[in-house]
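Laboratory data are not the source of any read-out in this text; all were calculated from the coordinates shown. Just so we're clear, the structure is a prediction, and the values are computed from it rather than from any experiment. Here Cβ is always computed from backbone atoms with ideal geometry, including for glycine, and neighbour counts include all displayed protein chains.
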Amino acid sequence: MQISNRISAVCESGSLKMAARCQEMRRQGVDVVSMTLGEPDFAAPEHVKQAAIKAVADDWSHYGPVPGYPSLREAIAGTLGGRYQANEIMVSTGAKQVIYNAIMVTINKGEEVVIPTPCWVSYMEIVKLAEGVPVTVPTTAETNWKVTAEQLEAALNERTKMVMLCSPNNPTGSVYSRAELEALITILERFPDVWILSDEIYQHINYIREVVSLADFENIRERLILVNGISKAYAMTGYRIGWMATKSRDLWQAYNRLQGQSTTCACTVAQKAAEAAYLASQDCVEQMRLAFEKRRDLIMELVREWPDVTCTCPEGAFYIFPDVSAYYPRLAKRLGSVSAASREMTEYLLNEAHVACVAGADFGEDRCIRLSYATDESTIREAMKRIAEALKRI
Ligand code: PLP
C-alpha cells in the first residue's frame, strides 16, 4: 500500500522532532534541558480558563458556524482599530491552519511563493503541499535577518503568487520597522496581483513596544492576508485558535468552502475562551511580555559569553538564533566526519550537554541554532552553562 506523493515530499517538523527526542531521553532517565519549544511556559490566564469552563457548563458543545462565532469575530475586529469588520474575519484551528487554508485556496501548481529565510519551519512545507514552489530569499545577520527591497525585487516575477512575511520573526526575533515595510511595499506595488500574507502571531511579544502591522498600509489592504491568533500572546497554544482577516470576498468565500469541507469550525469551547481573552483586560499579555523581556536580556547576556559565537539581539518573539558555524570544522574533526553543520551541532549538544535545541537548517539557515527562551530563568541559566561547557570541549 502506498501513501500519496504529495505527503512524501513534505518534511517532518524539525522542532517537533527534537521535542519528541527530548521526551524520549527523559523517559530513559536522562536529565535533558529543553530549549526547543515554540510556546510560552505560562498557564493560560485564569479568566480564560473560567470562560472555557463556563462554555462547557453552558453547553457550547454543538457545531459552530464555519467562519467562527460572530461574537468572537466581533471581538477580533475590535482589536483591529476599525480596519476590518467581523465578516472579513475567519477563525480556524490555530494560525497554522489559517496559513494552510490561505495557501490552499490561493496557490496553484507551479506558482511561486516568495519566503524570506530564516523562516518558520511550516511555510515551505505547506506551499509544497499545495504544489506551489517556495522561493526562498536568504537574509543575513547584517540586515538583522530582514529581507531588503532589492532582494525582494530580485525574487519577484510573473510566476509569483504570494509573498510571506513574518514580523516578529520565528526564529530570528527580528521586527520590521515602518520604513523597512514601506520600502518592501514600494516594490510590491509594481506586482499588484501578488497576495501578501503577513504572519503576525508574535505581534504582542515584542521589546520595542510597537510592532507595525501590514494592516496599517491601506494601499495593500485589498490583497493582504493578515494572520494572527491567541497562541503566543495569551499562552493558549493548546486551545488552537487562530484567525485571518481579509478584504477579499473571493478569498473569504473560498476559505469558508475549504474549512466547511475539512474541519467545519474551530473548537467551540476554545472559541468562547478566545473571546474572553480578547474582551478582558490585556494586563496578562503585558505581564508575560515583561517576563519574556527579562529572559531575553538574560539569555543575550549569557550567549555573549560563548566564544566565537555571534547573535543578533531579538526585538520580538522568544527565540535567539546564534551563529555557531565557527565551531563546525572543529566539530567535524571531533566527530570524525568530513563536515558538520547545525544538525550535527544540535545532535552534539543533545548528547554531550543534554540540551535540546533546533538546527538552523530547519529554518533555512545552517550556520545557526535556535534556542527558545520561553522557559524559566534557572532553566535558561542551566542550558546556557551546559552549552558553554560543551562548546569548550569541541
Ligand atoms: N506562525 C509562526 C511564525 C509560528 O512560530 C507559529 C507557531 O510556532 C505559528 C504561526 C502557529 O501558531 P498556532 O499555534 O496558532 O497554530
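Listing for the model above:
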item: Efficiency of FRET between N256 and R178 - r from beta-carbon atoms, R0 30 angstrom, step 0.05; result: 0.40
item: Reachable lysines from K54, criterion Cα separation under 20 angstrom, eight or more residues apart if same chain; result: K272
item: Centre separation in Å (Cα based) which lies between segment 190-204 and segment 89-145; result: 10
item: MRE, 222 nm, helices only [DSSP H, n ≥ 4, -39500 (n - 2.57), over the chain, to nearest 500]; result: -12000 deg cm²/dmol
item: Ranked packing of 268-275, 291-298, 55-62, most packed first, by mean Cβ within 10 Å; result: 268-275, 291-298, 55-62
item: Inter-label distance for E210 and E293, nm, one decimal - labels placed 7 Å from Cα along Cα-to-Cβ; result: 1.5
item: E24 paired with Q2, simple spin-label distance in nm, labels 7 Å along Cα-to-beta-carbon; result: 2.8
item: Estimated inter-spin distance, E142 and R330, nm [label 7 Å along Cα→Cβ]; result: 2.6
item: Debye, to nearest 20: dipole size of the chain, +1 on Lys, Arg Cβ, -1 on Asp, Glu Cβ; result: 800
item: GNM result for the chain, Cα springs below 10 Å: residue of V303, V338, V127 fluctuating most strongly; result: V338
item: Full-extension gain in nm, N157 to T263, via 0.36 nm per residue minus C-alpha separation; result: 34.7 nm
item: Too-long pairs where the Cα-Cα distance tops 23 Å, listed order kept, from K17/K146; K294/K385; K128/K232; K96/K161; K161/K247; K294/K392; result: K17/K146; K128/K232; K294/K392
